[in-house]
């Protein structure tokens with residue numbers, strides 16, 4: 001539980017290596033925002049990972065999307081670590 005009480009936003013984490021990171025962070029106690037351009041896939045991944053994971057829409061090529069995702073994490077988790 002090395003990440004207990006920590007909050008993370010992982011980009012591209014609806015699948016592949018990003019998902020693997022998200023799963024590892026949750027196993028270690030972090031609350032993880034599953035950030036992905038495909039919000040439906042992010043929601044599915046978050047529900048499969050468990051209660052400490054939640055979905056945020058994130059397009060890393062769009063500054064407004066990045067700002068909105070960070071704000072969503074700050075609102076839900078109190079900030080990023």
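Filter the range 38-52 down to the residues that are touching a residue at least 12 places away in the same chain (Cβ under 8 Å) and out of contact with any strand residue (DSSP E or B) (no Cβ under 7 Å at 6 or more places or on another chain), then identify the one that is surrounded by the fewest Cβ atoms within 10 Å (Cβ to Cβ).
Applying the first criterion (touching a residue at least 12 places away in the same chain (Cβ under 8 Å)) to the range 38-52 yields 38-39, 41-46, 49-50, 52.
So of that shortlist, the ones also out of contact with any strand residue (DSSP E or B) (no Cβ under 7 Å at 6 or more places or on another chain) come out as 38, 41, 44, 49-50.
On the way: 38: 16, 41: 16, 44: 15, 49: 19, 50: 11.
Per the stated criteria, the residue is 50.
Can you go through 68, 64 and tell me which one is at pLDDT 95 or above, touching a strand residue (DSSP E or B) at 6+ places or on another chain (Cβ under 9 Å) and surrounded by fewer than 16 Cβ atoms within 10 Å (Cβ to Cβ)?
Exactly one of 68, 64 is at pLDDT 95 or above, touching a strand residue (DSSP E or B) at 6+ places or on another chain (Cβ under 9 Å) and surrounded by fewer than 16 Cβ atoms within 10 Å (Cβ to Cβ), namely 68.
Name the helices (runs of 4 or more DSSP H) wholly inside the chain in which the number of residues that are in contact with a helix residue (DSSP H, G or I) (Cβ under 8 Å, 6 or more places away or on another chain) is 3 or more.
Once the helices (runs of 4 or more DSSP H) in the chain are filtered for at least 3 residues that are in contact with a helix residue (DSSP H, G or I) (Cβ under 8 Å, 6 or more places away or on another chain), what remains is 16-27.
Tell me the residue from 20, 33, 55, 8 that is under 21 Å from residue 81 (Cβ atoms), under 12 Å from the mean Cα position of the chain (by Cα) and exposed (fewer than 15 other Cβ atoms within 10 Å of the Cβ), please.
Details: 33 fails: exposed (fewer than 15 other Cβ atoms within 10 Å of the Cβ); 55 fails: exposed (fewer than 15 other Cβ atoms within 10 Å of the Cβ); 8 fails: exposed (fewer than 15 other Cβ atoms within 10 Å of the Cβ).
Answer to the selection: 20.
The values are calculated or read from the model by the stated rules, or taken from the named source; none is laboratory data. Because the structure is a prediction, the values reported are computed rather than measured. We place every Cβ from the backbone using ideal geometry, glycine too, and count neighbours over all the protein chains shown.
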